[in-house]
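Here the structure comes first, spelled out in structure tokens, and everything after it is commentary.
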Amino acid sequence: MADVSVPCWDAVDVEELCEEAELIAFDLDSTLARSKKPMKNDMANIFSILTSLIDVAVITGGKYALLQSQVVDRLTGQANRSKLHLMPTSGTRYYRWDGRRWTLVFAHDLSDEERAKAKESLERNAREQGIWSDYAWGERIEDRGSQITFSALGQSAPIEAKEAWDPTDEKKRRLARAVAAELPELEVRPGGASSVDISQRGVDKSFAVRELADILGMEVGRIVFIGDRMEPGGNDYPAAMAGTKAVKVTGPADTVRLCDEIVACLSR
């Protein structure tokens with residue numbers, strides 16, 4: 001399949017983007033917020049307003065607890081939770097608001113054997129490649145049930161350290177290739193700034209947007225997907241390949257500006 005060219009946010013015709021949009025989907029880290037950090041006030045405000053105008057989804061490699069702390073806990077009184085769709089662990093899980101609480105719609109969990117193989121392969125290959133750090137901030141390998149995540153510097157590493165660890169993504173891609181060769185039955189992909197994610201085969205952000213479109217009864221082409229890793233090999237790129245109206249940002253500041261324009265357009 002040919003590569004898809006994804007436009008930058010400031011090169012997009014927002015009127016045209018909104019004309020047929022039925023859902024706006026976002027990556028989380030480096031799109032709505034910095035890694036493991038909550039949305040800032042300006043983002044929380046415009047994001048909350050957006051949920052009052054159109055269905056909104058967040059699809060992230062992070063676990064559900066991070067979606068809670070980074071997004072849900074930052075919603076303002078203008079938010080319409082019934083229009084918000086939460087898909088953590090790269091879309092392997094899906095949560096909806098039932099009027100009182102967030103409920104799990106589906107989970108594509110790995111088997112005990114698959115999780116054990118993934119953990120062993122990640123650690124062994126990371127050690128062989130010299131990227132198993134002597135010191136880590138928290139867990140290096142986290143079992144999220146539906147996803148195993150390797151974090152080179154630990155789950156709680158400072159943002160600056162994560163972003164400086166692999167600026168070209170070469171370390172993550174090398175590790176992902178080695179593990180994928182050993183576990184062809186699983187999906188292995190570079191994740192965030194310093195991570196590699198493993199889930200069931202075929203379950204990535206392309207799967208997530210297709211599942212969401214099917215559940216909500218809309219075409220994938222009516223989903224706008226906004227993310228920072230939209231180059232081939234990036235963890236947001238599968239959403240573009242699935243046929244969404246994909247838009248690239250370089251960080252939360254871009255996303256706020258784009259959302260301001262989208263909200264103005266939808267409000268008209």
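The values are calculated or read from the model by the stated rules, or taken from the named source; none is laboratory data. Quick caveat, the model's predicted, so the values are computed rather than measured. Cβ: placed from backbone, ideal geometry, glycine included. Neighbour counts: every protein chain shown. Protein only, heavy atoms only, side chains kept; ligands, DNA and RNA dropped before computing areas. Shrake-Rupley method; radii C 1.70, N 1.55, O 1.52, S 1.80 Å.
Here are some notes:
- ARG101 accessible area, 1.4 Å probe, all protein chains in place, Å² to nearest 10: 120 Å²
- Spatially close Lys pairs in the stretch 116-251, defined by Cα atoms under 22 Å apart and a spacing of eight or more places or different chains, total 14.
- Shown is the FRET efficiency for PHE106 and LYS37, computed with R0 = 22 Å from the Cβ-Cβ distance and rounded to the nearest 0.05: 0.20.
- Computed [θ] at 222 nm, deg cm²/dmol, the chain (DSSP H ≥ 4; -39,500 (n - 2.57); rounded to nearest 500): -10500 deg cm²/dmol
- Solvent-accessible area per residue, Å², over the chain with all protein chains present [probe radius 1.4 Å]: 43 Å²
- Magnitude of the charge dipole, the chain, Cβ model with Lys/Arg +1 and Asp/Glu -1, debye to 20: 700 debye
- Springs between Cα atoms under 10 Å define the GNM used for the chain, and in it the highest mean-square fluctuation of LEU122, LEU17, LEU175 occurs at LEU17.
- Kirkwood Rh and Cα Rg combined as Rg/Rh, the stretch 109-268: 1.01
- The length gained by stretching the chain between SER82 and SER52 to full extension, at 0.36 nm per residue less their Cα-Cα distance, is 9.9 nm.
- Net length available on complete extension from ALA253 to ASP143 is 36.5 nm, with 0.36 nm assigned per residue and the Cα-Cα distance removed.
- Taking ASP228, ASP42, ASP112 as the candidate residues, the one with maximal mean-square fluctuation in a Gaussian network model of the chain, Cα springs under 10 Å, is ASP112.
- Counting protein heavy atoms only, the chain has 47 percent of its accessible area on carbon and sulfur, 1.4 angstrom probe.
- With R₀ set to 51 Å, the beta-carbon distance separating ASP73 from ARG177 gives a calculated FRET efficiency near 0.90.
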